[in-house]
Structure formats: C-alpha cells, structure tokens
Amino acid sequence: MSDHVRIARSGAVLHLTLHRPEKLNALTTEMAGTLHAALVDAADDDGVRAVLLDAAGRAFCAGQDLSDPAVAPGADLGATIERAYNPLIRAMRALPKPIVAAVNGIAAGAGANLAFAADLVLAARSASFVEAFVRIGLMPDSGGTWMLPRVLGHARAVGVAMLGETFDAERALAWGALWQVVDDEQLAACATELVERLAAMPTRALGTIKRLMEAGWSKTLDAQLDAERDAQRALGGGFDFAEGVAAFSAKRPARFDGR
Ligand code: LHQ
C-alpha cells in the first residue's frame, strides 16, 4: 500500500487521490498496485457506486517514475507494465461502475492514459496532456494505442503519439477526449458534483452501459444487438428499473439503489 495514494470513502463514492505532488504524482509500481487493489475491492463492494480519481498539487500525473531502477534503460520494461500498468488499466475498464477523472494539471505518459481510461474525464482549463513516451524513445502504453485512436480518431492519435506534443484541455475537449473543461477553481466542486450524481444513479445500468459501449467496438451490429437484448433483459429484472418506472408514474424523483 503506497502512501502516495490517498483513499477515502464519502457515501457511495470511492475517492482515489494521487498524492506525490513534489514529483508531479509520477507513478511508482506501489502506487499503481494500490490503485489496482482499491479498484478490485470496489468492484465487489456494493456500497461503492462511483469512483473519483484526482490528484494533489499542480499536476495530475507525470507518468511512470523515471527514477525507478526497474525502468532504467536496459531493464525489462514489459515486466513493469505487466505487473503494474496492465492490471490497473484492466481494473479500470472492467469496473462495473463509473470512474470520473479530474485532471488538474499536466497528465503525461501513463498519466495521460490513466486519465483517458476513466469513463468521464473532467479537466481544469489549465490542464494539459502529453503522450510523452516518444520523447524518451518509447511508445504509448497503459492502453494508449487502443484508447487514443478510438477517442481521438486515428489521425490525431498517431499525431499525438508520434510527435509527443503537449495539447491543452480545450483542444482535448474539441477532439472528443474529455467530458468537460471547467475553470481551475471549479474543478474539485464540479468533479464531486458529477461523481455524486453518478453514485445516485442506477449503478447496474451504468456498469452495463460501460461494458456494452466498449464491447461494441469489436463487434458487428448484429452481435451488439444481441448483447443489448441480453443486457436489457437482465436490467429489466432489477430493482432500479421497477423504481424508475414507479417514480416516472408517480411523477417523483427516482431513488435508485444500484440493484
Ligand atoms: C518526475 C517525473 C517522472 C520522476 C516529473 N519521474 N520524476 C511505464 C512502465 C515502463 C516503462 C516506461 O514507461 C511507462 C509509462 C510512462 O509513463 S513513460 C513516460 C514517463 N513520463 C515522462 O516521460 C514525463 C516526464 N516528465 C516531464 O516531461 C515533465 O516533468 C513534465 C512535462 C511532466 C512537467 O514539466 P515541468 O512542469 O517543467 O516539471 P519538472 O520537469 O520540473 O518536474 C518537477 C519535478 O517532478 C522534478 O523533480 P525535482 O526533484 O527536480 O524537482 C522532476 O524530476 C519530477 N518528475 N516527472 N516521470
């Protein structure tokens, strides 16, 4: 368990904060492991219905800690990725609950792709992103080569990966990589409001939206229609559907409980 990740619970929200501000929250394998463990626990905890990932200080995350001997030139980088990054990104994408990332400053390398692995990404107006890998002779990892073409489109994904240029939050928003850009001083409040709103929504439906939206990328329309039928059938038997319809009929707000 890393001291550089702060974990807190507020109602149904799990709050994960990267907390190594003096190193721009550069990730150690311990930090990645702590994030992973928290997400694995959250997957099985019915009390957690949404996750907020944010960061302390002036940066969101500067990517892998380059001072770690495990990633020194000549070391087996694949081993670090296999041990730390791949499990983390897989856990984020597999979590059947929404993850909000609040990007407060620079998000570089694996730090950028960590943000893009969230479901809804909020960024402060002064935040920025850089697929910094190529600057040190590497290529995007942490799901970047899979996520970036889908999020940004092929041409932009290749551009940001090959050129390694910093792009700001407004550009990321225009390119479709973000949900919202907000004034810097509003970031924490907006992220909290959004994640609390998600935590009060029909959690199984949100988890199913996440799973099917992603599954659809590698399926035919025919197969996806079948998947939608099966998913809707499962949701139709749940409490939240009954509650949603009852609330609609009674003209009152629904009180979803995630079942
Ligand atoms: C850092 C870091 C950092 C350590 C800032 N490490 N200390 C996964 C696994 C296996 C193999 C390799 O790859 C990966 C995934 C990756 O993420 S690879 C990409 C790694 N990240 C980068 O290449 C980005 C490196 N950082 C930067 O380019 C700059 O720091 C940025 C552009 C993020 C910010 O620049 P500045 O605002 O000018 O800040 P700074 O450079 O002065 O940094 C402040 C401090 O943070 C400084 O420490 P110091 O003790 O001198 O004050 C930096 O050394 C430290 N820091 N990034 N990744």
Return the pair list, or none, for Cβ contacts closer than 8 Å from residues in the stretch 136-161 that are farther than 27 Å from L35 by Cα to residues that are open to solvent by less than 20 Å² (accessible area, probe 1.4 Å) and within 16 Å of the ligand (Cβ to nearest atom), at least 6 apart or on different chains. R156/L148
Residues of the stretch 12-45 classified as within 24 Å of R211 (Cα to Cα) and either at pLDDT below 95 or of a type in the set (G, A, S) (or both), total: 7
Could you please let me know if L178 is assigned to a helix (DSSP H, G or I), aliphatic (A, V, I, L, M) and either surrounded by fewer than 17 Cβ atoms within 10 Å (Cβ to Cβ) or touching a residue at least 24 places away in the same chain (Cβ under 8 Å) (or both)? no
Pairs needed: first member in the stretch 214-226, within 21 Å of R93 (Cα to Cα); second member anywhere, open to solvent by 90 Å² or more (accessible area, probe 1.4 Å); C-beta distance under 8 Å; at least 6 residues apart or different chains. W217/R150
Inspect all residues belonging to the stretch 2-23 and state whether any of them is touching a Ser or Thr at 6+ places or on another chain (Cβ under 6 Å) and within 13 Å of the ligand (Cβ to nearest atom). no
Is it the case that some residue within the stretch 224-245 is outside the structural domain of R93 (by TED's automatic domain parsing), closer than 29 Å to L52 by Cβ and under 23 Å from the mean Cα position of the chain (by Cα)? yes
In the set L120, L114, which member is surrounded by fewer than 21 Cβ atoms within 10 Å (Cβ to Cβ) and either under 23 Å from D184 (Cα atoms) or not assigned by TED's automatic domain parsing to the domain that holds L77 (or both)? L120
Which one of the conditions (1) touching a strand residue (DSSP E or B) at 6+ places or on another chain (Cβ under 8 Å); (2) not assigned by TED's automatic domain parsing to the domain that holds R125 does F167 fail to meet, given that it meets all the rest? (2)
Just to be sure I understand, how many residues within the stretch 60-88 are of a type in the set (A, V, I, L, M, F, W, C) and more than 11 Å from the ligand (Cβ to nearest atom)? 0
What number of residues within the stretch 36-54 are surrounded by fewer than 23 Cβ atoms within 10 Å (Cβ to Cβ) and β-branched (V, I, T)? 2
Open to solvent by less than 60 Å² (accessible area, probe 1.4 Å) and part of a helix (DSSP H, G or I): does that describe A188? no
Please enumerate the residues belonging to the stretch 81-94 that are without any contact (Cβ under 8 Å) to a residue 60 or more places away in the chain and either closer than 14 Å to D44 by Cα or in contact with a helix residue (DSSP H, G or I) (Cβ under 8 Å, 6 or more places away or on another chain) (or both). R83, A84, Y85, P87, L88, I89, A91, M92, A94
Over the stretch 133-142, the set of residues within 9 Å of the ligand (Cβ to nearest atom) and surrounded by fewer than 22 Cβ atoms within 10 Å (Cβ to Cβ) is R135, I136, L138, D141
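The values are calculated or read from the model by the stated rules, or taken from the named source; none is laboratory data. These figures come from a predicted structure and were not determined experimentally. Please note: Cβ atoms are built from the backbone with ideal geometry, for glycine as well, and neighbour counts cover all protein chains shown. SASA here: full protein model, heavy atoms, side chains in, ligands and nucleic acids out. Shrake-Rupley method; radii C 1.70, N 1.55, O 1.52, S 1.80 Å.
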